[in-house]
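Report on one structure; see the data block that follows.
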Amino acid sequence: METLRSPLLEVKGNIEVKRPLPKPPSRLPLSGSRLKRGPEQMEEALEPEKKRTRGLGTKIAPSRPRAALLTAVPQTQGQAAARTAPKKTGPRCPTAVATVLKNQKPGPAVPAQKPGRDVASGAEALRRGGRRAMTCLTLVPSVPFSAAAPPMVGGKKPSKRPAWDLKGQLCDRMAELKCCRERNQILDQENQQLRDQLREAQQQASTLGAERRTLEEELARVRVQAEQGQQELGRLSAQVLELEERLGTQEGLVQVLQREQLGLQEERRGLATRLEEQERRLQASEAALSDSQAEVASLRQEAAAQAVLLAEREDRLHGLEMERRRLHNQLQELKGNIRVFCRVRPVLPGEPTPNPGFLLFPGGPADPPTRLSLSRSDERRGTLSGAPAPPTRHDFSFDRVFPPGSRQDEVFEEIAMLVQSALDGYPVCIFAYGQTGSGKTFTMEGGPAGDPQVEGLIPRALRHLFSVAQELSGQGWTYSFVASYVEIYNETVRDLLATGTRKGQAGECEIRRAGPGSEELTVTNARYVPVSCEKEVQALLHLARQNRAVARTAQNERSSRSHSVFQLQISGEHAARGLQCIAPLSLVDLAGSERLDSGLALGPGERERLRETQSINSSLSTLGLVIMALSNKEPHVPYRNSKLTYLLQNSLGGSAKMLMFVNISPLEENVSESLNSLRFASKVNQCVIGTAQANKK
Ligand code: ADP
Ligand code: MG
């Protein structure tokens, strides 16, 4: 770093440059003490000399040695010339005199009359004063020698006049006086020159004083600037330190950023590579796309052709479907619009095993059994010999007979086509008829829940319907199913799907027409639950079982004394062809068909039971009467004679397909009831109800 130059030095330098050299250079010694003096002090300094000079009238001793000096100075040729022209060097004389006067050491006064000694003392002065004295001496102006020297007489020094020679002495004194006057004149001139020089010096001094003040001001300014500079320097140094610290931090940051940058560059390279790869793939894809587009165009044409073909095939398929339905219906008609199946339950554990000939199922093993033979031994009848009469055989024939070992799926297989008719718009009604404990509920609902092997007709029928509806959806059919489940006990209707507060509110439900003029019947206050899957149906059956269990605690074995009616409203629509079909599927678990022996005495509980039985017998006989009336095509069908037939009005009759299961106990002790049931079923089986009509719109 450059060292700061002292402002003072600069100023001096400037001054040296600026100050013009004096012309001619002043011979006055410009020492500090002299400069500081004002013109007055200078005057005073010179005053004693003046006084001494003026007082030369009698004492001019100080000038003598100088004259002697002058004579003793060794002179060069130039100096000799100067002596011959004293006027030219005249102005320098006062300075020289002043210099000499100043430099000359005060010594004993030398008499003017002894120039020899003067010469000697001049030489001595030269020897002692050295070079400076020499220089001064060379500048001393020459006073006319004649004025300085005493008058010479004949080239000799005048001798001392005798005392009496007053005139001579007067002459001498006159000559001396004259000499003194001349000398005085010269000194006046010198004095005048000195005054001029003094004025000049004073002017210079004032100028220098002004310069000095200026310089001092400038110096002060420079000092202030220097201080400011120092402060600025300090501040800048602090800034530099701070910047260096920040630079350190920034460098760390820069390193981190550089590392990040390297990472990003690497990533960028990777991305660029991937981009290139993607672009290559894109180009390949575009090429493939253009190929595909061409292919799509051709495929579209093909698809259009296929669509036309498909429409044609759909038309054909629809025609075939309608034909299938027609043939299906024809087949059902051929089988009879009312069919009767007989099912004999197995002997349960703990029950007595019947005689081997008690129940027989005639027919070959290849054909499905349709006949049943029941033998009954009448103990009251006896032979003439007193031996028991041989048992009487009772043969029955039905559309199908299921022996005790028949499985649930076998039974359902026989009715699956009938159930499917409901999807085609034919009302379907399936009953389970028989005495209590003959297996009606097992057939309709199934055995213990959770065992798929013993699932009854209701869950199997619904699963089948859902499945076929799903298949038909491919042909444009849309189906919806709404389920209800009610119980008819002593001619009162109760909702088996009731939940919450509605549970146990039996008797509040009434069978009503859905609307004025409508043939559709509905049960007020009963839940109609849309179902679309097997799980929902299982939930409903579970709920119905629970509701029955609640009632059972209130009234003993009520379930066996009531009819349970599960109904499913099936609605199908083919929107494209504007077709609709609506039909109910009714699955009925009838009350026990057993009769009370009217000859027995009746207790209070039995009277109630008699009332129940009469009610049951009434509704079951009404059902028989309705079927008979339909079979005989009577104008009046007594539907309204019982709640059961009224509720099933739309599921019975001309357009309906009916199936009755007659459930039989395998036990010999139940033979009477079994015969009653079989007789009732046989009557029904003999009925032929007119051609069924699908409910199509
Ligand atoms: P119902 O409803 O006619 O009064 P249930 O269906 O309650 O008769 O049957 C009475 C008993 O016989 C039940 O325990 C039932 O499990 C059983 N049962 C009925 N039919 C069958 C069958 N086909 N296989 C096995 N057990 C049966
Ligand atoms: Mg039952």
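The values are calculated or read from the model by the stated rules, or taken from the named source; none is laboratory data. Being a predicted model, the structure only gives us computed values, none of them experimental. Note: ideal-geometry Cβ built from the backbone for every residue, glycine included; neighbour counts use all protein chains shown.
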inquiry  = Regarding segment 453-461, can at least one residue be identified that is modelled with pLDDT under 90 and acidic (Asp, Glu)?
reply    = no
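Among the residues of segment 667-689 satisfying the criterion of being among the polar types (S, T, N, Q) and surrounded by 18 or more Cβ atoms within 10 Å (Cβ to Cβ), which is modelled with the lowest pLDDT? Before you say what the answer is, go through the steps one by one.
Here is the first cut: in segment 667-689, the ones among the polar types (S, T, N, Q) are 670, 672, 674, 676-677, 682, 685-686.
Those still in the list that are surrounded by 18 or more Cβ atoms within 10 Å (Cβ to Cβ) too: 670, 674, 677, 685.
On the way: Asn670: 92, Ser674: 94, Ser677: 93, Asn685: 85.
Top of the filtered list is Asn685.
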ask   = What are the residues in segment 412-441 that are within 16 Å of ligand 2 (Cβ to nearest atom), of a type in the set (Val, Ile, Thr) and surrounded by fewer than 23 Cβ atoms within 10 Å (Cβ to Cβ), if any?
value = Thr436, Thr441
remark   = Here the residues within segment 429-469 that are more than 15 Å from ligand 1 (Cβ to nearest atom) and polar (S, T, N, Q) are Ser467
task = Please work out if Glu519 is within 16 Å of ligand 1 (Cβ to nearest atom), touching a residue at least 60 places away in the same chain (Cβ under 8 Å) and either farther than 23 Å from Val411 by Cβ or exposed (fewer than 14 other Cβ atoms within 10 Å of the Cβ) (or both).
result = no
query = Can you tell which of Ala297, Ala287, Ala272 is over 39 Å from the mean Cα position of the chain (by Cα), part of a helix (DSSP H, G or I) and either aliphatic (A, V, I, L, M) or within 30 Å of Gly624 (Cβ to Cβ) (or both)?
reply = Ala297
ask   = Is there any pair with a first residue in segment 304-329 that is among the basic types (Lys, Arg) and a second that is modelled with pLDDT of 85 or more whose Cβ atoms are under 7 Å apart and which are 6 or more apart or on different chains, and what are they?
value = Arg325/Asp424
Boolean, Phe466 is closer than 24 Å to Ile582 by Cα and either crowded, with 21+ Cβ neighbours inside 10 Å or of a type in the set (Phe, Trp, Tyr) (or both) = yes
request  = Please find, within segment 331-379, the residue that is nearest to ligand 2 (Cβ to nearest atom) out of those that are at pLDDT 90 or above and of a type in the set (Val, Ile, Thr).
outcome  = Val344
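Look at segment 611-650 and say how many of its residues are β-branched (Val, Ile, Thr) and touching a strand residue (DSSP E or B) at 6+ places or on another chain (Cβ under 6 Å).
Taking segment 611-650 as the starting set, the residues that turn out to be β-branched (Val, Ile, Thr) are 613, 616, 622, 626-627, 637, 645.
Checking the rest, the ones that are also touching a strand residue (DSSP E or B) at 6+ places or on another chain (Cβ under 6 Å) come to none.
So the count comes out to 0.
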remark   = Of the listed residues (Leu262, Leu241, Leu219), the one being in a helix (DSSP H, G or I) and surrounded by 11 or more Cβ atoms within 10 Å (Cβ to Cβ) is Leu219
query = Using beta carbons and a limit of 8 Å, which pairs, at least six apart or on different chains, have the first residue in segment 335-363 and in contact (Cβ under 8 Å) with a residue 12 or more places away in the chain and the second one β-branched (Val, Ile, Thr) and assigned to a loop (DSSP other than H, G, I, E, B)?
reply = Gly336/Val688; Asn337/Val688; Asn337/Ile689; Asn337/Thr691; Ile338/Val688; Ile338/Ile689; Val347/Thr353; Pro354/Val347
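Among what's in segment 533-555 and is touching a helix residue (DSSP H, G or I) at 6+ places or on another chain (Cβ under 7 Å) and modelled with pLDDT of 85 or more, pick the residue that is farthest from Glu612 (Cα to Cα).
Quick first cut of segment 533-555, residues touching a helix residue (DSSP H, G or I) at 6+ places or on another chain (Cβ under 7 Å) only: 533-534, 537-538, 541, 548, 551-552.
Checking the rest, the ones that are also modelled with pLDDT of 85 or more come to 533-534, 537-538, 541.
Values: Cys533: 37, Glu534: 35, Val537: 30, Gln538: 30, Leu541: 25 Å.
It comes out as Cys533.
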note = Residue pairs within 6 Å by beta carbon, gap of at least six or interchain, first lying in segment 429-450 and free of Cβ contacts under 8 Å to residues at least 60 places away in the same chain, second more than 6 Å from ligand 1 (Cβ to nearest atom) and in a strand (DSSP E or B), listed first then second, are Gly446/Glu455
message = Can you pull out every residue in segment 603-651 that is more than 20 Å from Ile511 (Cα to Cα), of a type in the set (A, V, I, L, M, F, W, C) and touching a helix residue (DSSP H, G or I) at 6+ places or on another chain (Cβ under 6 Å)?
response = Ile627
message = Out of everything in segment 442-481 that is away from ligand 2 (no atom under 16 Å from the Cβ) and of a type in the set (Phe, Trp, Tyr), what residue ends up being farthest from Glu410 (Cα to Cα)?
response = Trp477
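Criterion first (within 28 Å of Pro349 (Cα to Cα), within 13 Å of ligand 1 (Cβ to nearest atom), at pLDDT 90 or above and in contact with an Asp or Glu (Cβ under 7 Å, 6 or more places away or on another chain)) does Gln408 satisfy it?
Values: within 28 Å of Pro349 (Cα to Cα): yes; within 13 Å of ligand 1 (Cβ to nearest atom): yes; at pLDDT 90 or above: yes; in contact with an Asp or Glu (Cβ under 7 Å, 6 or more places away or on another chain): yes.
Spelling it out, Gln408 is indeed within 28 Å of Pro349 (Cα to Cα), within 13 Å of ligand 1 (Cβ to nearest atom), at pLDDT 90 or above and in contact with an Asp or Glu (Cβ under 7 Å, 6 or more places away or on another chain).
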query = Across segment 556-599, which residue is modelled with the lowest pLDDT among those that are assigned to a loop (DSSP other than H, G, I, E, B), touching a helix residue (DSSP H, G or I) at 6+ places or on another chain (Cβ under 8 Å) and not hydroxyl-bearing (Ser, Thr, Tyr)?
reply = Leu596
